[in-house]
Amino acid sequence: MNEFLKDKGKAIQEVFPDFSIDIKDWYFDDFYDWYVMCGTGYCLSFGADMVTLRNENGQFITTINWSENDE
């Protein structure tokens, strides 16, 4: 999660200015198996090479191509 925020966070902030790249603003919700940003409800769920961004209601916003092997 922290690596994803460092790698893709700035680009996401250009579209969603209130998106935080500080890991301290996020917590893991093990019931839904995703990360939730405190105060906004943004949710991130990680797949093999994709990350899905959802709103506070769990509705799809976008997917982001990402893997630890990206150059």
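Read the figures in this text as sums done on the coordinates, not as results from a lab. In this text the structure is predicted, and so the values were computed from the model without any measurement. Here the Cβ is made from the backbone with ideal geometry for all residues, glycine too, and neighbour counts use every protein chain on show.
Rounded to the nearest 20, the size of the Cβ-charge dipole of the chain about its Cα centre is 200 debye, with Lys and Arg at +1 and Asp and Glu at -1.
Subtracting the Cα-Cα distance of residue 11 and residue 57 from 0.36 nm times their residue separation leaves 14.3 nm of extension gain.
Quote the convex hull volume per residue of the chain, based on C-alpha atoms, as a whole number of Å³. Each step should come with its number before you reach the end.
On the way: hull volume 6.1 nm³, N = 71.
So the per-residue hull volume is 86 Å³.
Less than 5 angstrom separates the built amide H of residue 26 from those of 38, all sequence-distant by 5 or more or on a different chain.
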